[in-house]
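Let me give you the structure first, and then I'll get to my questions.
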Amino acid sequence: MRRPVVAPALSACVLAVVVCGCAGTDEAQPGSSGGGTAVADSASAGTGSAELTARLVDPDGREVGVATLTEVEGGTQVDVRVTGLPPGYHGFHLHAAGVCDPDSPSPADPSMTGDFLSAGGHIGAGETDHGEHAGDLPLLYVTDAGTGTLTAVTDALTLDQLTDDDGSAVMVHADPDNYANVPERYAPGGPDQMTRNTGDAGGRIACGPVEG
Ligand SMILES: [Cu+2]
Ligand SMILES: [Zn+2]
């Protein structure tokens, strides 16, 4: 059985992050297992990675929300607030490229175009199936009034991973996300590749490049 949200399997990484986070008041430590260069003076201000922001827009460029990403004890906290979106549950992820262009080609397959495909796949896609990607987050629920808020903490990634060379993006999808959790009675051979990549969350309706 897969857990729906984040992969606890990354605990080695995560441990390093926690240690880093606890010690963060004096100096950030070069502890993150993934990165080569540690930014030592980032904890206080400036170019640091203490808090990141993403302004979400819809495909028409209308601003529909904002997300902040903060390093907290035990992981990365995501806070998001949206307005003017369709009611219901929406797939909500961190995507691998910080480019939110409407009607754009997918970096992996330029023959595919669509809204915000420029942001690429989920962070961590290719390493595991969906539901265990580092960029997978809990569903975002939007009320009948069109507003939604969510606070979640993930231990599957660090802020550094959100500000790598090609950046990252916060994404809201049109449909709910099934986290590739399709019972065997529906899919005896297991879910298909599309489900294992995306969780069938559908089109991309709001996107925000993560910025420092
Ligand atoms: Cu997504
Ligand atoms: Zn995913």
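The values are calculated or read from the model by the stated rules, or taken from the named source; none is laboratory data. Just so it is clear, the structure is predicted and the values come from calculations on it, not from any experiment. Using ideal geometry, Cβ is built from the backbone for each residue, glycine included, and neighbour counts are taken over all protein chains shown. Just the protein is used for accessible areas: all its heavy atoms, side chains included, with ligands, DNA and RNA removed. Shrake-Rupley method; radii C 1.70, N 1.55, O 1.52, S 1.80 Å.
I need the full set of residues from the stretch 186-208 which are away from ligand 1 (no atom under 12 Å from the Cβ) and of a type in the set (Val, Ile, Thr), in order please.
195
Then there's this: Can you list the strands (runs of 3 or more DSSP E) lying wholly within the stretch 58-101 that have 1 or more residues being small (Gly, Ala, Ser), on the phi > 0 side of the Ramachandran plot and in contact with a Phe, Trp or Tyr (Cβ under 9 Å, 6 or more places away or on another chain)? Before the answer, list the steps.
Working: elements: 63-72, 75-82, 88-90, 92-95.
Ranges flagged: 88-90.
Same structure again: Please verify whether the stretch 74-95 includes one or more residues that are under 17 Å from residue 202 (Cα atoms) and in contact with a Lys or Arg (Cβ under 6 Å, 6 or more places away or on another chain).
Pass one, the stretch 74-95, residues under 17 Å from residue 202 (Cα atoms): 85-95.
Then drop every residue that is not in contact with a Lys or Arg (Cβ under 6 Å, 6 or more places away or on another chain), which leaves none.
The answer is no, given that none of the residues of the stretch 74-95 is under 17 Å from residue 202 (Cα atoms) and in contact with a Lys or Arg (Cβ under 6 Å, 6 or more places away or on another chain).
Condition check: part of a loop (DSSP other than H, G, I, E, B), open to solvent by 20 Å² or more (accessible area, probe 1.4 Å) and aromatic (Phe, Trp, Tyr). Does residue 186 satisfy that?
Values: part of a loop (DSSP other than H, G, I, E, B): yes; open to solvent by 20 Å² or more (accessible area, probe 1.4 Å): yes; aromatic (Phe, Trp, Tyr): yes.
Judged against the criteria, residue 186 is a match.
Also, quick follow-up: Among the residues of the stretch 116-161, how many are more than 15 Å from ligand 1 (Cβ to nearest atom), free of Cβ contacts under 8 Å to residues at least 60 places away in the same chain and open to solvent by 60 Å² or more (accessible area, probe 1.4 Å)?
4
Here are some conditions: (1) open to solvent by 40 Å² or more (accessible area, probe 1.4 Å); (2) within 14 Å of ligand 1 (Cβ to nearest atom); (3) not in a loop (DSSP other than H, G, I, E, B). Residue 172 meets all but one. Which one does it not meet?
So the condition that residue 172 fails would be (1).
Would you confirm whether or not the stretch 37-55 contains a residue that is more than 27 Å from residue 178 (Cβ to Cβ), within 19 Å of the chain's Cα centre (by Cα), open to solvent by 30 Å² or more (accessible area, probe 1.4 Å) and modelled with pLDDT under 50? Working first, answer last.
Pass one, the stretch 37-55, residues more than 27 Å from residue 178 (Cβ to Cβ): 37-53, 55.
If we keep only those that are within 19 Å of the chain's Cα centre (by Cα) as well, we get 49-53, 55.
Checking the rest, the ones that are also open to solvent by 30 Å² or more (accessible area, probe 1.4 Å) come to 50-51, 53, 55.
From what is left, the residues that are modelled with pLDDT under 50 are none.
No.
Is it the case that some residue within the stretch 139-160 is within 16 Å of ligand 2 (Cβ to nearest atom), closer than 25 Å to residue 84 by Cβ and not in a strand (DSSP E or B)? Walk me through how you get there before you give the answer.
Step one: filter the stretch 139-160 for residues within 16 Å of ligand 2 (Cβ to nearest atom), giving 139-140, 152, 154-157.
After this cut, where a residue has to be closer than 25 Å to residue 84 by Cβ as well, the list is 139-140, 152.
Within this subset, residues satisfying the condition of being not in a strand (DSSP E or B) are 139.
Scanning the stretch 139-160, I find at least one residue that is within 16 Å of ligand 2 (Cβ to nearest atom), closer than 25 Å to residue 84 by Cβ and not in a strand (DSSP E or B), so the answer is yes.
Output the residues belonging to the stretch 82-99 that are open to solvent by less than 20 Å² (accessible area, probe 1.4 Å), closer than 19 Å to residue 52 by Cβ and away from ligand 2 (no atom under 14 Å from the Cβ).
Within the stretch 82-99, 82, 97 qualify.
Does residue 85 qualify as being within 16 Å of ligand 1 (Cβ to nearest atom) and more than 16 Å from the chain's Cα centre (by Cα)? Even if it seems obvious, please write down each step before you answer.
Numbers: within 16 Å of ligand 1 (Cβ to nearest atom): yes; more than 16 Å from the chain's Cα centre (by Cα): yes.
Yes; evaluated as a whole, the condition is true for this residue.
Among the numbered criteria (1) within 16 Å of ligand 2 (Cβ to nearest atom); (2) assigned to a helix (DSSP H, G or I), which single criterion is violated by residue 179?
(2)
Still on this structure, I have one more. What is the number of the single condition among (1) in a loop (DSSP other than H, G, I, E, B); (2) in contact with a Ser or Thr (Cβ under 8 Å, 6 or more places away or on another chain); (3) crowded, with 22+ Cβ neighbours inside 10 Å that residue 107 does not meet?
Status for residue 107: all satisfied but (3).
Look at the stretch 147-193 and say how many of its residues are on the phi > 0 side of the Ramachandran plot and more than 15 Å from the chain's Cα centre (by Cα). Spell out how you get there, then give the answer.
Going residue by residue through the stretch 147-193, those that are on the phi > 0 side of the Ramachandran plot are 167, 179-180, 190.
If we keep only those that are more than 15 Å from the chain's Cα centre (by Cα) too, we end up with 180, 190.
Total meeting the criteria: 2.
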